Amino acid sequence: MRYSETGFNLEIDLSRGNIERVETDPRLTELHLGGLGTNAKILWDRVPPETEPFSPDNLLIFSTGLLGGTPAPGANRTIVSTFSPQTLLMAYSMMGGFWAPELKYAGYDKLILRGKSPNLVYLWINNDKVEIRDASHLRGKGAGETAELIRQELKEPKAQVAAIGLAGENRVYMASIEQGRSSASRSGVGAVMGSKGIKAIAVRGTKDINIARPAEFIKLCNEVLKYIQDREKNPIPGVMPILAGLGSPQEMKLYDEKWHTTSFMWGNSRTRRKDFWTKENEEKWKETQESVRTRLISCYNCPMKCGATISVPGISTYMMKCYSKLTYTMAAYSDLDFGFKIAQRATEYGVDGFSTPQVMAFALELYDAGILTDQDMPGMPSDTEGKFYWLLDRIVRREGIGDVLANGTYWAAQQIGKGAEAYAHNNIKKHEQLPLKLGMLNPVYFLMYSTGEKINITQIEGQFPQEPFPTKEEREAFVKDWIQVPDEKFKQYFLDWEPRGERSNPYYPTVEMSCEIVDWMERMHYIDDALGVCSGLSSFPLKPPYHMHNYPTLISSATGIDMDEAGLTQAAKRNRTLLRAVNIRRGMRRADEKPPEDHWKKRFPELEAQLLDAYYKFKGWNNQGIPTKESLHELGMDYVAEDLEQRGIIKNEQG
Ligand code: SF4
């Protein structure tokens with residue numbers, strides 16, 4: 001019997017209309033756990049590296065995690081993997097909500113789509129009955145509207161529907177997949193879904209999941225829940241409000257936006273407004289938020305309520321969470337009221353709330369600089385908010401200049417030319433990043449930004465505080481109940497980290513310490529992404545309920561797999577290395593691993609090179625970031641080494 005997973009994937013060939021329920025190999029679960037890990041294995045095995053993202057040969061995988069749908073709090077992530085049109089590398093965007101647990105209850109661990117449907121269709125997965133249905137009547141509809149229409153059509157109000165909007169249909173590189181209370185937004189996974197001719201995927205499942213040792217597992221889940229409740233009552237002192245609690249940053253509960261509005265950049269990631277947060281603005285924004293926020297909501301089996309339903313008079317209700325509250329507002333130098341309004345339209349269109357505002361701000365900068373002219377922007381309104389709506393409508397339809405901007409700032413700049421490249425200044429690996437420009441180089445963040453392959457810093461960082469605490473007393477208080485550290489040495493690293501002086505950035509944490517800290521944080525993210533647990537309860541916040549010391553028993557009791565900390569560390573390392581190998585095979589190299597040039601004002605090229613060298617070595621990669629034969633062998637991945645060798649990647653570049 002298979003525990004905690006169904007042991008079956010659902011595979012659909014859209015070109016031929018073939019639907020198969022395929023039994024999976026349990027040994028792969030032991031090696032990679034599931035979720036992201038087995039997604040990477042499937043992409044490695046089945047998609048040749050030269051495959052174009054919109055080719056029928058590219059796969060689009062929707063995966064539950066190994067713990068997804070079990071009583072483990074927050075085990076609800078859908079891990080969407082494919083090759084990204086934006087970065088050309090492996091995309092693994094994730095969404096919370098309810099979709100993945102429903103897929104598992106329908107009897108599948110993953111849905112794997114290949115080929116391309118000749119007509120626009122949607123999928124209806126109702127336990128064992130799976131249909132490909134015509135979606136021509138849904139063409140052009142919003143993502144939320146589509147979900148509602150499908151539920152009505154199927155007469156199944158409990159169906160969970162993941163859908164794309166106009167942006168996905170038109171293969172806009174920043175197109176998202178929306179799912180009621182969440183979305184898979186990064187890296188253009190919605191565009192790949194559109195390229196396959198899939199408008200939506202509706203799922204209803206009513207089966208059970210087997211648990212290996214249920215009593216033990218439930219006891220552990222209850223301990224996690226209790227810890228969450230205790231942390232609710234005891235936020236971390238001395239850090240800004242959004243970092244004090246658990247979950248995704250609680251933007252829908254909080255009104256205090258001093259940190260974001262004064263630390264993050266406005267416009268095309270250009271301007272810092274240190275004096276923005278006045279009493280008057282605070283009052284105004286609080287009133288706006290209270291007037292549109294109708295209800296706080298959670299994902300499946302989680303008490304955290306990170307999201308909210310937003311109802312602006314005259315437009316339909318939608319869901320919002322986290323920093324997307326501010327992205328449109330700050331890109332347009334506008335106010336919160338505008339942000340809440342335009343985000344509704346953007347959600348229905350199905351676009352990434354991080355990239356899209358930056359693309360529009362980038363276009364307006366090009367216009368101000370005379371690189372784009374009135375000829376490129378015929379009929380664009382004169383007010384900034386009008387300009388944003390005008391651009392958004394054209395981007396999702398790929399009309400006129402919108403067709404160029406729909407490819408994101410990196411590719412658009414190349415197409416526009418005339419010096420536009422200098423304005424696409426906030427990218428890593430061809431993808432827009434958070435609008436942050438800081439002072440002194442932070443060695444830990446340098447490594448995370450440079451080497452992360454998830455294309456979003458918030459999904460790499462966590463666990464270790466972002467900054468040193470000002471006083472020794474505060475640091476001592478912080479480390480007292482820091483049970484999550486995988487090794488006691490991390491406490492000392494933090495205790496010794498000072499805001500100024502010898503033991504401060506950029507030379508402290510030292511190169512070696514920085515490698516260890518980043519490795520710890522990354523390890524936790526890779527575990528979460530394989531298990532399908534929300535990082536908001538594990539790898540992202542300070543002092544989370546899930547950590548290296550309780551995960552092994554939780555996994556063992558759920559799955560029956562004999563797991564300890566060393567085994568879990570090895571599985572995470574295997575997944576991390578495999579994902580790197582997938583991207584290396586697609587051409588990624590050291591030259592791609594750098595933060596935006598102006599991310600920090602004070603840069604230290606020599607130190608940065610040392611950091612990269614040391615981190616690569618620490619991970620078992622050569623000085624181009626390519627996993628070595630030895631490290632692949634140690635992880636049981638000789639097949640990867642052989643492939644890289646055959647392609648001349650190891651032989652030619654290892655020396
Ligand atoms: S912590 Fe927040 S984002 Fe994560 S599962 Fe819970 S409600 Fe969803």
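The values are calculated or read from the model by the stated rules, or taken from the named source; none is laboratory data. Please read all numbers here as calculations on a predicted model, not as lab measurements. Every residue, glycine among them, receives a Cβ derived from its backbone with ideal geometry; neighbour counts consider all protein chains shown. For the accessible areas, the whole protein counts, side chains as well, though only heavy atoms, and no ligand, DNA or RNA atoms are used. Shrake-Rupley method; radii C 1.70, N 1.55, O 1.52, S 1.80 Å.
Results, tabulated for the structure shown:
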quantity	calculated
Of residues in the range 302-317 being within 29 Å of residue 227 (Cβ to Cβ) and more than 8 Å from the ligand (Cβ to nearest atom), the one surrounded by the fewest Cβ atoms within 10 Å (Cβ to Cβ)	309
Conditions (1) in a helix (DSSP H, G or I); (2) open to solvent by 30 Å² or more (accessible area, probe 1.4 Å): number failed by residue 587	(1)
Unmet criterion (only one of (1) within 21 Å of the chain's Cα centre (by Cα); (2) open to solvent by less than 10 Å² (accessible area, probe 1.4 Å)) for residue 592	(2)
Every residue from the range 505-529 that is more than 15 Å from residue 464 (Cβ to Cβ), open to solvent by less than 40 Å² (accessible area, probe 1.4 Å) and hydroxyl-bearing (Ser, Thr, Tyr)	526
Boolean, residue 240 is farther than 30 Å from residue 155 by Cα and either away from the ligand (no atom under 16 Å from the Cβ) or open to solvent by 70 Å² or more (accessible area, probe 1.4 Å) (or both)	yes
Unique match (being more than 16 Å from the ligand (Cβ to nearest atom), under 28 Å from residue 117 (Cβ atoms), under 20 Å from the mean Cα position of the chain (by Cα) and β-branched (Val, Ile, Thr)) among 78, 24, 51, 38	38
Within the range 611-655, helices (runs of 4 or more DSSP H) holding 1 or more residues that are in contact with an Asp or Glu (Cβ under 7 Å, 6 or more places away or on another chain) and open to solvent by less than 50 Å² (accessible area, probe 1.4 Å)	629-634
Flag for residue 453 being buried (at least 19 other Cβ atoms within 10 Å of the Cβ) and either in contact (Cβ under 8 Å) with a residue 40 or more places away in the chain or under 28 Å from residue 603 (Cβ atoms) (or both)	yes
Cross-chain or 6+ apart pairs with Cβ under 8 Å, the range 589-609 first and closer than 29 Å to residue 577 by Cβ, then hydroxyl-bearing (Ser, Thr, Tyr) and surrounded by fewer than 16 Cβ atoms within 10 Å (Cβ to Cβ)	607/507
Residues being in contact with a helix residue (DSSP H, G or I) (Cβ under 8 Å, 6 or more places away or on another chain) and either β-branched (Val, Ile, Thr) or within 16 Å of the ligand (Cβ to nearest atom) (or both) - total across the range 97-119	1
Filter result for the condition that a residue is surrounded by fewer than 16 Cβ atoms within 10 Å (Cβ to Cβ) and over 26 Å from residue 611 (Cα atoms), over 502, 488, 473	473
Unique match (being open to solvent by 10 Å² or more (accessible area, probe 1.4 Å), modelled with pLDDT of 95 or more and of a type in the set (A, V, I, L, M)) among 31, 66	31
Residue within the range 268-289 that is within 16 Å of the ligand (Cβ to nearest atom), over 21 Å from the mean Cα position of the chain (by Cα) and open to solvent by less than 70 Å² (accessible area, probe 1.4 Å) present	no
Failed item, numbered, when residue 597 is tested on (1) under 18 Å from the mean Cα position of the chain (by Cα); (2) surrounded by fewer than 19 Cβ atoms within 10 Å (Cβ to Cβ)	(1)
Answer residue from the range 394-426, given it is β-branched (Val, Ile, Thr) and in contact with a helix residue (DSSP H, G or I) (Cβ under 6 Å, 6 or more places away or on another chain) and is nearest to residue 171 (Cα to Cα) among those	396
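Every residue, every condition in (1) in contact with a strand residue (DSSP E or B) (Cβ under 7 Å, 6 or more places away or on another chain); (2) open to solvent by less than 30 Å² (accessible area, probe 1.4 Å); (3) within 16 Å of the ligand (Cβ to nearest atom), yes or no:
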| residue | (1), (2), (3) |
| --- | --- |
| 228 | no, yes, yes |
| 294 | yes, no, no |
| 319 | yes, no, yes |
| 333 | yes, no, no |
